[in-house]
1. Which one is surrounded by the fewest Cβ atoms within 10 Å (Cβ to Cβ), of the residues in the stretch 77-100 that are of a type in the set (D, E, K, R) and modelled with pLDDT under 95?
2. Hey, Asp88 hits all of (1) touching a residue at least 12 places away in the same chain (Cβ under 8 Å); (2) over 15 Å from the mean Cα position of the chain (by Cα) but one; which does it fall short on?
3. I need the full set of residues from the stretch 179-208 which are in contact with a Lys or Arg (Cβ under 9 Å, 6 or more places away or on another chain) and over 27 Å from Thr118 (Cβ atoms), in order please.
4. From the set of residues in the stretch 181-208 that are of a type in the set (Phe, Trp, Tyr) and out of contact with any His (no Cβ under 9 Å at 6 or more places or on another chain), which is surrounded by the fewest Cβ atoms within 10 Å (Cβ to Cβ)?
5. So, in the stretch 120-154, how many residues would count as being under 20 Å from the mean Cα position of the chain (by Cα) and polar (S, T, N, Q)?
6. State yes or no: is Gly104 modelled with pLDDT under 95 and more than 23 Å from Phe134 (Cα to Cα)?
7. Which residues, taken from the stretch 61-76, are surrounded by fewer than 12 Cβ atoms within 10 Å (Cβ to Cβ) and in contact with a Ser or Thr (Cβ under 8 Å, 6 or more places away or on another chain)?
8. For the stretch 124-136, does any single residue satisfy the condition of being closer than 25 Å to Asp74 by Cβ, exposed (fewer than 15 other Cβ atoms within 10 Å of the Cβ), aliphatic (A, V, I, L, M) and without any contact (Cβ under 8 Å) to a residue 12 or more places away in the chain?
Amino acid sequence: MTKYYLPLLLFLISCNSKGNTANNPLSQTVTFEMMDSIQVEYLGSPTVHDLDPIKRTFLFMEHREFSEEIMVADFDGNIQASFSKDGDMPDSYGALMSMLRINGDSSFISYGYNGFITYDFSGKLKARVNVKDFDVPTFQMKAMGFGMEKLGKRYLHIDQGSQSLNYNNIDFYRELRLFNWLDPKTGEKERFIPFPDASIFRSGIFFF
């Protein structure tokens, strides 16, 4: 266990010449303790997608300009498998719309243009479910903490909009729903939570 000591420098501007900062808590030393870490011998710019502390496994990806590579590693830093599922191949996810998520059965699920696709940790296809009511999204977020979160049997996911929608139309923001419930078993999407009435997006005084 390693301790890092970070002295905090506090600069105060005050009109009172008698001000005293000796007892100010912000001027004290803060101690950071590294509780855990995983070191992987890998050269690149990896993005962590998910981890399972029980199975001691985590997923990370290398997102290049024209390719993406999935890597499965253990908590000892050993890369167990490496493979690609983007591009023109029968079991491709097409294009990811969220980060990869580990299932509890030594597999992981991807949410992409080609639906919900489940692979085992060696990259073998296990299941595919097409997404109903699919729209090409306006934006994508593919990093840990910014993707779909599992709640029960469904995933909570932010609505990513659609390139076919007219964001200049104020009426659009009355109908827009900000979040989706995603069902990987059926491919169904349930939209919910609109902009509140007091939102600036309901007023028309905004740049889309």
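1. Residue satisfying both the conditions and the ranking: Asp88.
2. (1)
3. Ile193, Pro194, Phe195, Pro196, Arg202
4. Ranking the qualifying residues of the stretch 181-208, first place goes to Phe207.
5. So the count comes out to 2.
6. yes
7. Ser67
8. yes
The values are calculated or read from the model by the stated rules, or taken from the named source; none is laboratory data. Treat the numbers as computed from the prediction; the structure is a model and nothing was measured. Reconstructed Cβ throughout: ideal geometry from the backbone, glycine too, with neighbour counts over all protein chains shown.
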